[in-house]
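The values are calculated or read from the model by the stated rules, or taken from the named source; none is laboratory data. Quick caveat, the model's predicted, so the values are computed rather than measured. Here the Cβ is made from the backbone with ideal geometry for all residues, glycine too, and neighbour counts use every protein chain on show. Ligands, DNA and RNA are excluded from the accessible area calculation, which covers all protein heavy atoms including side chains. Shrake-Rupley method; radii C 1.70, N 1.55, O 1.52, S 1.80 Å.
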Amino acid sequence: MASSIENNNEKLTLKSSDGEEFLVEKHVALQSTLLQNMLDSDCSSADVIPLPKIDARTLALVLGYCKKHADASSSKQGELNSFDSEFLKDMDMGALFNLVLAANFMEIKGLLDIAAQKIADTIKDKPHQEVREIFHVENDYTPEEEAAVREENRWAFEGFP
Amino acid sequence: MEVPSEDRFSDLPNPVIHLIFSYLETNDIPRISGISRKFRDACTSSPYLDLEADFLALKRCGSNCQGFQDFVHRVLGRRNGVGIHRLRLSWFCAQPYCKRAGALIDDWVKYAADCNVQELDIGVFPGDGELFVIPPCLSNCQSLRELTLNMKGSGLLLQPGFFASLVDLTLTNVELCATFSGGGIGHWISTSCKSLKFLCLYKVTCYRSKDMSISSSSLQHLNLCACEFPEASKLSITSASLQHFSMRRCLFKEQGKVVVRAERLENLIVDVVFSSDFPNYRRFQFSIFAPSLVSFSWRGPPASYSDNLEHFWRLDEASISLETLHFHHTWQDKEFARNFLAGLLHSVRYTRTLKLNTEVFAYYHHPGVFVDLKHLAVVVRRFEEDQDQTISPFLRGLRNLSTLTIKLDADNDVVADPNVIALLWMRRQRYVAKNRKPRKIAFCFHENEEDFGPGEDNEGMLKWILECEKALGKVKFYY
C-alpha cells in the first residue's frame with residue numbers, strides 16, 4: 001500500500017477489446033481489485049494491460065466511475081451516492097449489461113452492486129412481457145403452462161396486478 | 001421473438017445473477033418465475049430467498065396457503081447444489097389444518113441448515129397459547145451467523161443449544177416465558193451464544209425475568225426496544241466487550257432494577273416507562289459502572305440512582321429528559337426527584353455537551369456544577385412556558401459555556417408566532433451566564449439562521465419581528 005501512495009502520479013495503460021488505449025492514474029486503477037492484484041504481483045505498470053472482454057465505450061464508463069470514487073474523499077458519501085444514482089439513470093439495458101460484466105471482471109464491488117441493483121429493480125417493477133422484451137428472454141412457456149405457473153404462485157400476487 | 005442466444009440475462013455468470021437476486025424484495029422470486037422456464041430455474045435456485053404469506057386476518061387460508069407451502073418445499077427441496085445465503089421465511093397461519101406449522105417450519109429450516117444458510121429470518125405464529133421452539137437443527141449449524149425471529153406476540157421456548165457462529169440475534173414480537181432449563185433468556189444468551197455480537201429485542205415481553213443476567217465476552221451491541229417487563233425484574237449486564245447499550249421505551253409494570261458493568265461501554269441510552277396504574281418510580285433502581293462512557297442519555301421518571309456510582313471521566317455528551325406525568329407532587333416526591341437529579345447531574349459533570357428538558361429545572365434550582373461544559377441545550381414544550389427563568393441559577397455555575405440553545409420539543413409543532421420571538425428578545429437578560437452577556441443571539445428557522453449582536457437597537461429589532469413570518473425552531477445564545 002505504501003508504494004501506491006508514493007507513486008501517486010504514476011500512470012498505466014489499459015487496452016480495450018477494440019484496441020483503444022486508456023491512460024489511467026494509478027490511484028484510479030486501484031478501485032479495481034483485479035488491477036490492484038496485478039500491480040501487487042510483479043506486473044510492471046509500464047506494460048499495456050489488455051482487457052479483452054471490455055469494449056472502449058464500457059471501459060470509458062467504468063473509468064469515469066473509478067475516477068469519481070478515487071478522487072472523492074470518504075467524507076463526501078452523500079455526493080458519491082447522488083453520483084451513483086445519476087450514473088446509471090438513463091442507461092440502456094445493453095450498456096448496463098456490458099457494465100455489470102466489466103465490473104464483475106475487473107472486480108469493482110461498488111459498481112457491480114449498483115448495476116445489479118438497477119437490473120433487479122427493472123425485473124421486479126415491470127410486467128413480465130416488458131421484462132422479456134428488455135432482456136430478450138424467450139417465453140418458453142405454453143400459454144396454458146404460463147397460466148398454471150401464475151395460478152400456483154397466486155399467493156405471491158396479493159396487492160399486485 | 002429474439003433468438004435465445006441473445007438472452008443476455010441467462011448469459012450472465014452465476015455469481016452476478018445471484019447478486020442481482022439479492023436485491024429482490026419479498027415474494028419477487030415467485031412473481032418473476034412466470035417470465036420463462038430458464039428464469040424460473042434461475043429464480044428457484046437463488047441463494048437469496050425472501051418469502052412471506054400472512055393469513056392471520058382470514059377466516060380460511062384456502063388454496064393460497066397450500067400454494068405457499070408447495071412453493072417453499074420446491075425451492076428448498078431442489079437446490080441443485082446451490083447453497084442458501086439468506087433466507088427470509090414468514091408464514092403466519094392460524095388455521096386448525098395448518099397447526100402443524102411448527103413441524104413444517106422445522107423441516108424447512110432443516111433444508112436451509114443443510115444448505116449452509118448464513119442469515120435466517122423466520123416469521124411464525126404457533127397459535128395462541130402454543131410455544132415455538134427454535135428448530136434444534138440450528139443449534140449445531142456452523143454456517144448460521146444471523147438469526148431473526150418474528151412471532152406476532154406468541155410464545156418462544158428457549159432450549160439449551162450451542163450456536164457457535166451466531167453473531168447477530170434479533171427477537172421481534174415475542175413473548176419469552178421460560179427456558180427449558182428455567183434459566184431465563186440471560187442465561188440462555190450467556191451459555192448458548194458465545195460469539196454473539198449484536199442482540200436486539202424488539203417488542204419482547206419478558207416474563208420470569210426476576211434475575212435476567214447476561215454475561216458475555218463477545219457482545220458489542222445490545223438494544224432493547226419497546227420491551228415489556230410485566231413482573232418485578234432485575235436486568236443485569238456484565239460484559240467487557242459491550243460498546244453500545246440502549247433501552248428505548250421499555251415498560252416496567254412492577255419493580256425494576258438495571259445493573260450495567262461494562263468497562264468498554266461508550267454509548268448508553270436508558271429510556272424507561274412505568275405503567276400509569278402503578279407509578280412505582282421509587283422502585284426503579286439503576287447502577288452503572290462504565291468508565292469509558294462517551295455518550296449518555298436518560299429519559300424517564302425519577303428513579304433510584306445507586307450511590308456508589310462511578311463517574312464518567314470521558315463523557316462528551318449527555319442528555320437528561322425527565323418525565324413527571326404520573327408524578328404525585330407531595331414534598332417527599334419532590335425531595336426524591338431532587339436527590340435523583342442531583343446524583344445524575346453530578347455523575348455527568350465531565351461532559352462537554354448537555355441537553356436537558358425544562359422539567360429538570362422544576363426540581364433542580366442550584367447552579368450547575370460542571371467541569372468543562374461548553375454547550376447547553378434546553379428543550380421546551382412551548383416557547384411561552386415561563387419556566388426558563390429558573391434556568392438562570394443553573395447558568396451561573398457554568399464558567400466555560402460557549403453556547404446555550406433553547407429549542408422546541410421535536411414532537412411539537414414549530415412556532416410561527418412573532419409574539420414569541422418578541423418575548424424571547426425581551427427576556428434575553430435572563431440568559432446571562434456568570435455575568436457574561438450573550439455576545440450574539442441567533443434565531444434559527446427551519447431554512448436559515450438570523451443573527452443579532454448586542455448593539456442591535458430595540459426599535460429595529462421589533463420591526464424585524466413584526467415582519468417575521470417564518471417558523472422558529474430554536475434560539476441560540478453565543479457567549
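Taking the stated definitions as given, is A:Leu101 more than 9 Å from chain B (Cβ to nearest Cβ) and assigned to a helix (DSSP H, G or I)? Answer is no for this residue.
The residue list A:Ala60, A:Ala72, A:Ala56, A:Ala148 contains one member that is without any contact (Cβ under 8 Å) to a residue 12 or more places away in the chain, surrounded by fewer than 19 Cβ atoms within 10 Å (Cβ to Cβ) and more than 14 Å from chain B (Cβ to nearest Cβ), which is A:Ala72. A:Ala115 fulfils the conditions (1) closer than 19 Å to B:Phe21 by Cα; (2) open to solvent by 30 Å² or more (accessible area, probe 1.4 Å); (3) at pLDDT 90 or above; (4) within 11 Å of another protein chain (Cβ to nearest Cβ) except for a single criterion, (2). For the range A:134-143, taking the residues that are open to solvent by 40 Å² or more (accessible area, probe 1.4 Å) and in a helix (DSSP H, G or I), the one that is nearest to the other protein chains (Cβ to nearest Cβ) is identified as A:Ile134.
Looking across B:Leu176, B:Leu157, B:Leu144, B:Leu171, one residue alone is assigned to a loop (DSSP other than H, G, I, E, B) and open to solvent by less than 40 Å² (accessible area, probe 1.4 Å). It is B:Leu144. Report yes if A:Ile134 is modelled with pLDDT under 90 and under 28 Å from B:Arg40 (Cα atoms), otherwise no. The answer is yes for A:Ile134. Here is the figure for the range A:118-133: residues that are crowded, with 18+ Cβ neighbours inside 10 Å and either of a type in the set (A, V, I, L, M) or facing chain B (nearest Cβ under 7 Å) (or both) total 6.
Identify the single condition in (1) modelled with pLDDT under 90; (2) farther than 23 Å from B:Glu263 by Cβ; (3) open to solvent by 50 Å² or more (accessible area, probe 1.4 Å) that B:His311 does not satisfy, given that it satisfies every other one. The one condition B:His311 does not meet is (2). Only residues that are modelled with pLDDT under 85 and open to solvent by 60 Å² or more (accessible area, probe 1.4 Å): list them for the range B:368-399, please. Listed by number, the residues that qualify are B:Val369, B:Val371, B:Arg381, B:Arg382, B:Glu384, B:Asp386, B:Gln387, B:Gln389, B:Arg396, B:Arg399. Of the residues making up the range B:189-211, those that are open to solvent by 10 Å² or more (accessible area, probe 1.4 Å) and not charged (D, E, K, R) are B:Ser190, B:Thr191, B:Ser195, B:Phe198, B:Cys200, B:Tyr202, B:Thr205, B:Tyr207.
Of the numbered criteria (1) out of contact with any strand residue (DSSP E or B) (no Cβ under 6 Å at 6 or more places or on another chain); (2) within 30 Å of B:Ser90 (Cα to Cα); (3) at pLDDT 85 or above, the one A:Asp140 fails is (2). Screening A:His27 with (1) at pLDDT 85 or above; (2) open to solvent by 30 Å² or more (accessible area, probe 1.4 Å); (3) outside any helix (DSSP H, G or I); (4) on the phi < 0 side of the Ramachandran plot gives one miss only, at (3).
In summary, strands (runs of 3 or more DSSP E) completely within the range B:29-135 and bearing 3 or more residues that are within 14 Å of chain A (Cβ to nearest Cβ) occur at B:48-54, B:86-92. Annotation: of all residues in the range B:188-217 being farther than 15 Å from B:Glu146 by Cα and polar (S, T, N, Q), the one that is farthest from the chain's Cα centre (by Cα) is B:Thr191. Would you call B:Phe55 touching a strand residue (DSSP E or B) at 6+ places or on another chain (Cβ under 6 Å), at negative phi and of a type in the set (A, V, I, L, M, F, W, C)? Here the answer is no, as B:Phe55 does not meet what is asked.
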